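Before any comments, here is the structure.
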Amino acid sequence: MVPFVQSVAAPAPVMLAEDYRGNIDVGDYWVSEKLDGVRARWDGQRLVTRGGYAVNAPQWFVRGWPGEPLDGELWLGNGRFAEVSALIRRYDRQDADWRDLRFMVFDLPARPAAFGMRRAQLEALLRDTAVPWLQAVEHRRVADRAELDRLLDGVVAGGGEGLMLHRDGALYRVGRSPDLLKYKRHQDAEAVVIGYSPGEGKYSGLVGALLVEDERGRRFRLGSGLSDAERASPPPLGARVTYRFNGQTVNGLPRFARFLRVRGRE
């Protein structure tokens, strides 16, 4: 069986966020809601996930899209990440299932202008394109930290994940950048499964914890957050998982790290 999502040579060249730590002038940034979808890049001809996998979207879905790169998120709504992930990986695709999916675009990576200008150009471009499921992410400015926190409270109350802050004068830069920040009540990150710890007590015969390694080479265990089903059939070695944590320990490891979900190959 040919997989629905096929590998490409390398991860997509996208800009990645750092954590917001409260040491900036928020008035210098544009703020948007952090969407819980699958990050993707349109290169002018095809969709590729952040992990470097081509998405075989229906032809009608991408018809009329601009012939230049778009950076955004495949999104169904708050709390529906798993559905999006399953949809783009499913072999027996039903085109009707794509009808509610939107590509929420937040940047024009190939344009050499500062972000504030790219944002305005993006809105004009998609307005002229007039494809209903191709939408620009809404950005706004805030005056201070108090207003930022009120905005975050509203997003979280509505079931959202958090906020993204993008510096007005920033150029698009591939990789981690302090010009793009994520602000959430809880921090989260990704790691790769490299082993397992056996369970004890009521988890005897099951997986007690996942042994994982993050992008900095730190190794630690994720036991909290695993369901009984996930302990019985854990993510395979090499799987990329998302975990949630609260700061760092004195040894520099994620504090109160707990398993959140498998990221798959997005």
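No value in this document is a laboratory result; all are computed from the given coordinates. Note that the coordinates shown come from a computational prediction; the quantities given were computed from them, not determined experimentally. Glycine gets a Cβ as well: all are built from the backbone with ideal geometry, and neighbour counts include every protein chain shown.
Tabulated results
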read-out: Loop-located trypsin sites (Lys or Arg not before Pro) in segment 27-82, at most 11 other Cβ atoms within 10 Å (DSSP); value: 63
read-out: Where trypsin sites (Lys or Arg not before Pro) fall in DSSP loop in segment 186-243, at most 10 other Cβ within 10 Å; value: 216
read-out: Simple Cβ-charge dipole of the chain, Lys/Arg +1 and Asp/Glu -1, about Cα centre, in debye nearest 20; value: 500 debye
read-out: Of all DSSP beta bridges in the chain, antiparallel share, percent nearest 5; value: 85 percent
read-out: Computed log₁₀ I(q)/I(0) - Debye formula, equal Cα scatterers, no solvent, segment 111-203, q 0.11, 0.14, 0.18, 0.24 Å⁻¹; value: -0.52, -0.74, -1.04, -1.30
read-out: Alpha-carbon centroid distance for the pair segment 157-189 / segment 110-143, whole angstrom; value: 17 Å
read-out: For residue 239, residues with placed amide H under 5 Å, excluding near neighbours; value: 193
read-out: Note, ³J(HN,Hα) from phi for segment 172-179, Karplus 6.51, -1.76, 1.60, rounded to Hz, x at Gly and Pro; value: 6, 9, 5, x, 5, 9, x, 7
read-out: Only Lys, Arg (+1) and Asp, Glu (-1) charged, at Cβ; segment 101-195 dipole about Cα centre in debye; value: 180 debye
read-out: Under 11 Å from the residue 121 label point (7 Å along Cα→beta-carbon), backbone N, segment 49-85; value: 69
read-out: Signed unit charges on C-beta, dipole axis of segment 5-183, positive-most listed residue 87, 103, 171; value: 87
read-out: Amide hydrogen neighbours beyond the local backbone of residue 16, cut-off 5 Å, H modeled; value: 175, 176, 177
read-out: Residue 216 paired with residue 256, simple spin-label distance in nm, labels 7 Å along Cα-to-beta-carbon; value: 1.9 nm
read-out: Length-normalised contact order for the chain - Cα pairs under 8 Å, 6+ apart - percent; value: 20 percent
read-out: Efficiency of FRET from Cβ geometry, residue 192 and residue 18, R₀ 35 Å, rounded to 0.05; value: 0.95
read-out: Segment 187-262, relative contact order in percent, only Cα pairs under 8 angstrom and at least six apart counted; value: 32 percent
read-out: Residue-span extension gain [residue 95 to residue 129] - 0.36 nm each, minus C-alpha spacing; value: 10.1 nm
